[in-house]
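Q: First, the structure itself, so that you have it in front of you.
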Amino acid sequence: MAHNVTLIPGDGIGPEVALAARRVVDASGAGINWHVVDAGESQLEKYGTPLPQHVLDAVRADGTALKGPITTPVGVGFRSVNVALRKEFDLYANLRPARSFPGVESRYKNVDLVVVRENTEDLYAGIEHMIGDTAAESIKLITRAGSERIARFAFDYAVKNGRKKVTCVHKANIMKCTDGLFLEVCRSVAAEYPGIEFEDRIVDALCMQLVQHPETFDVLVLPNLYGDIVSDLCAGLVGGLGLAPSANIGRDAAIFEAVHGSAPKHAGKNDANPTALILSAVLMLRHLGEGAAADKIERAVLALLAEGRELTYDLGGSLGTSEFADAVIRRMNA
Ligand code: NAD
């Protein structure tokens, strides 16, 4: 059965990596009907918004989107399209796998962990105001329902993906109400999954242990702000931005995108590494139940990285974005 997927190419290097990922997915045998819509700065003049209504309608109708990065102006201008999409579709779970790739130079050789970040609450919701002009206040909102759905997501993910352990990350020793509630809910959800080991870590101690012994972690579940910071730390433990995929998952929609941004300096040069978006498409295919196509793409990408002969500039190679996609496709069909 063919799946309808919205493709949002994005800005900067977005269109180049999106085309590469689309070609690889098409060559994998997964039947996808792509519905291509544009968002970002290019749409401002025509629609008065970087996120036109027809883009939202497309994602709502298809329920699944693959998205290239979109530039967010700093300080002034429109608000982040990425954050707006997460809010609009209540994409409460942000999933970021981080693992060592054989053949790719990095500090560690044996990392294989998954960050499950709560994506809608916490200080990151930006509920803040000035108190006169002498102080500013931000509200850290953690709800039982929000904590429960992300904890359940983490354990269900662990069960479905053969993972052994979930670590709840918090600072409940200091924020006894908010992080205390998050930890309490994680503990009670853990009791429903006796086959999965459960532990908790205070976020500062976790950061040190991640740097010293990242191989001891499996699935991490975190409130929004710690999740934001720790997931970049985890990308840095392995191959870096060109290789880091992510998924934003809600009840009715899911959007898959690379962790990296639009890298404007590289736009139009056909030199960006499309691996992160290709691996995001792999997560998307698994989400759609197209495991065989996902495995085929992943095997081909891992083989190319391990051989180290056909790589983009960031990994020391000289292939362009589209030539790397050609190499993945050749490898899949070999
Ligand atoms: P960035 O990730 O775009 O780029 C930082 C540097 O990393 C680049 O200069 C480049 O050297 C390298 N890099 C990134 N992706 C690469 C790739 N695929 N292949 C090879 N090298 C790569 O980060 P930035 O410069 O901080 O952000 C640029 C814009 O992207 C900003 O407007 C930011 O808001 C936006 N952004 C969007 C998203 C998203 O759409 N989800 C995420 C992060 C940043």
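The values are calculated or read from the model by the stated rules, or taken from the named source; none is laboratory data. Just so it is clear, the structure is predicted and the values come from calculations on it, not from any experiment. Reconstructed Cβ throughout: ideal geometry from the backbone, glycine too, with neighbour counts over all protein chains shown. Areas reflect the complete protein model, heavy atoms only, side chains present, ligands, DNA and RNA absent. Shrake-Rupley method; radii C 1.70, N 1.55, O 1.52, S 1.80 Å.
Q: Any residue at all in the stretch 200-212 that is touching a residue at least 24 places away in the same chain (Cβ under 8 Å) and open to solvent by less than 10 Å² (accessible area, probe 1.4 Å)? Please lay out each step first, then the result.
A: Taking the stretch 200-212 first, the residues touching a residue at least 24 places away in the same chain (Cβ under 8 Å) are 200-204, 206-207, 210-211.
Narrowing the set further to residues that are open to solvent by less than 10 Å² (accessible area, probe 1.4 Å) leaves 206, 210.
Yes: the stretch 200-212 contains one or more residues that are touching a residue at least 24 places away in the same chain (Cβ under 8 Å) and open to solvent by less than 10 Å² (accessible area, probe 1.4 Å).
Q: Residues in the stretch 260-271: is at least one in a loop (DSSP other than H, G, I, E, B), within 16 Å of the ligand (Cβ to nearest atom) and within 13 Å of the chain's Cα centre (by Cα)? Let's see the steps before the verdict.
A: Our first condition is that a residue be in a loop (DSSP other than H, G, I, E, B); within the stretch 260-271, this holds for 260-263, 267-271.
Still in the running and within 16 Å of the ligand (Cβ to nearest atom): 260-263, 267-271.
Remaining after also requiring within 13 Å of the chain's Cα centre (by Cα): 260-261.
Yes, the stretch 260-271 contains a residue that is in a loop (DSSP other than H, G, I, E, B), within 16 Å of the ligand (Cβ to nearest atom) and within 13 Å of the chain's Cα centre (by Cα).
Q: Would you check if there is a residue in the stretch 18-32 being small (G, A, S), open to solvent by less than 20 Å² (accessible area, probe 1.4 Å), touching a strand residue (DSSP E or B) at 6+ places or on another chain (Cβ under 7 Å) and not in a helix (DSSP H, G or I)?
A: From the stretch 18-32, those small (G, A, S) are 18, 20-21, 27-31; that's our starting set.
Those left that are additionally open to solvent by less than 20 Å² (accessible area, probe 1.4 Å): 18, 20-21, 28, 30.
Going one step further and asking which of them are touching a strand residue (DSSP E or B) at 6+ places or on another chain (Cβ under 7 Å), we end up with 18, 21.
In the following step, the residues that additionally are not in a helix (DSSP H, G or I) were identified as none.
No, the stretch 18-32 has no match at all.
Q: Would you be able to say whether some residue in the stretch 124-146 is under 27 Å from S262 (Cβ atoms), in contact (Cβ under 8 Å) with a residue 60 or more places away in the chain and in contact with a helix residue (DSSP H, G or I) (Cβ under 8 Å, 6 or more places away or on another chain)?
A: So in the stretch 124-146, the residues under 27 Å from S262 (Cβ atoms) come out as 124-126, 128.
Narrowing further to those that are in contact (Cβ under 8 Å) with a residue 60 or more places away in the chain: 124-125.
Next cut, in contact with a helix residue (DSSP H, G or I) (Cβ under 8 Å, 6 or more places away or on another chain) only: 124-125.
Scanning the stretch 124-146, I find at least one residue that is under 27 Å from S262 (Cβ atoms), in contact (Cβ under 8 Å) with a residue 60 or more places away in the chain and in contact with a helix residue (DSSP H, G or I) (Cβ under 8 Å, 6 or more places away or on another chain), so the answer is yes.
Q: Can you tell me which of (1) modelled with pLDDT under 95; (2) more than 16 Å from the ligand (Cβ to nearest atom) is the one S42 doesn't meet?
A: It fails just one condition, (2).
Q: In the stretch 221-262, which residue that is among the hydrophobic types (A, V, I, L, M, F, W, C) and open to solvent by 40 Å² or more (accessible area, probe 1.4 Å) is nearest to E323 (Cα to Cα)? Write out each step before concluding.
A: Of all residues in the stretch 221-262, those among the hydrophobic types (A, V, I, L, M, F, W, C) come to 221-222, 225, 229-230, 233-235, 237-238, 241, 243-244, 247, 249, 253-256, 258-259.
With open to solvent by 40 Å² or more (accessible area, probe 1.4 Å) added as a condition, the list becomes 225, 229, 233, 241.
On the way: L225: 37, I229: 33, L233: 30, L241: 19 Å.
Looking at the filtered set, the residue picked out is L241.
Q: Hey, among the residues in the stretch 242-259 that are small (G, A, S) and within 11 Å of the ligand (Cβ to nearest atom), which one's farthest from the chain's Cα centre (by Cα)?
A: Only one residue tops the list, namely G242.
Q: Taking only the stretch 280-292 into account, find how many residues are touching a residue at least 60 places away in the same chain (Cβ under 8 Å), open to solvent by 10 Å² or more (accessible area, probe 1.4 Å) and part of a helix (DSSP H, G or I).
A: Narrowing the stretch 280-292 to residues touching a residue at least 60 places away in the same chain (Cβ under 8 Å): 280-281, 283-285, 287-288, 290, 292.
Narrowing further to those that are open to solvent by 10 Å² or more (accessible area, probe 1.4 Å): 283, 287-288, 290, 292.
Still in the running and part of a helix (DSSP H, G or I): 283, 287, 292.
Qualifying residue count, the stretch 280-292: 3.
Q: Based on what the data block shows, is G63 touching a residue at least 12 places away in the same chain (Cβ under 8 Å), closer than 28 Å to D326 by Cα and open to solvent by less than 70 Å² (accessible area, probe 1.4 Å)?
A: Working: touching a residue at least 12 places away in the same chain (Cβ under 8 Å): yes; closer than 28 Å to D326 by Cα: no; open to solvent by less than 70 Å² (accessible area, probe 1.4 Å): yes.
Against the criterion (touching a residue at least 12 places away in the same chain (Cβ under 8 Å), closer than 28 Å to D326 by Cα and open to solvent by less than 70 Å² (accessible area, probe 1.4 Å)), G63 does not qualify.
Q: To continue, here is another question. Does any residue of the stretch 220-227 turn out to be without any contact (Cβ under 8 Å) to a residue 12 or more places away in the chain and either more than 23 Å from the chain's Cα centre (by Cα) or away from the ligand (no atom under 16 Å from the Cβ) (or both)?
A: Here is the first cut: in the stretch 220-227, the residues without any contact (Cβ under 8 Å) to a residue 12 or more places away in the chain are none.
No, that holds for no residue.
Q: Same structure again: Anything in the stretch 38-49 that is open to solvent by 10 Å² or more (accessible area, probe 1.4 Å) and within 15 Å of P15 (Cβ to Cβ)? List them, or say none. Give the steps one after another, and end with the answer.
A: At the first step, the residues of the stretch 38-49 found to be open to solvent by 10 Å² or more (accessible area, probe 1.4 Å) are 38, 41-49.
Within the stretch 38-49, D38, E41, S42, Q43 qualify.
Q: Out of the stretch 203-229, which residues are out of contact with any strand residue (DSSP E or B) (no Cβ under 7 Å at 6 or more places or on another chain) and of a type in the set (A, V, I, L, M)?
A: Listed by number, the residues that qualify are A205, M208, L210, V211, L225, I229.
Q: Suppose we filter the stretch 102-124 for residues that are of a type in the set (A, V, I, L, M) and more than 18 Å from the chain's Cα centre (by Cα); how many remain? Can you show your working first?
A: Taking the stretch 102-124 and keeping what is of a type in the set (A, V, I, L, M), we get 104, 111, 113-116, 123.
In the following step, the residues that additionally are more than 18 Å from the chain's Cα centre (by Cα) were identified as 104, 123.
Adding up the residues that qualify gives 2.
Q: If you take the residues in the stretch 240-287 that are out of contact with any Gly (no Cβ under 8 Å at 6 or more places or on another chain) and hydroxyl-bearing (S, T, Y), which one is nearest to T312 (Cα to Cα)?
A: That would be S280.
Q: Among the residues of the stretch 45-68, count how many are within 14 Å of the ligand (Cβ to nearest atom) and modelled with pLDDT of 95 or more. It would help to see each step written out before you state the result.
A: Going through the stretch 45-68, the residues within 14 Å of the ligand (Cβ to nearest atom) turn out to be 50-51, 55, 65-68.
Going one step further and asking which of them are modelled with pLDDT of 95 or more, we end up with 55, 65-68.
Result for the stretch 45-68: 5.
Q: Please give the number of the condition L237 fails out of (1) closer than 19 Å to L315 by Cα; (2) within 16 Å of the ligand (Cβ to nearest atom).
A: (2)
Q: Restricting to strands (runs of 3 or more DSSP E) lying wholly in the stretch 83-196: which have 3 or more residues that are open to solvent by 60 Å² or more (accessible area, probe 1.4 Å) and not small (G, A, S)?
A: Working: elements: 93-99, 112-118, 128-131, 135-138, 165-170.
Result: 128-131.
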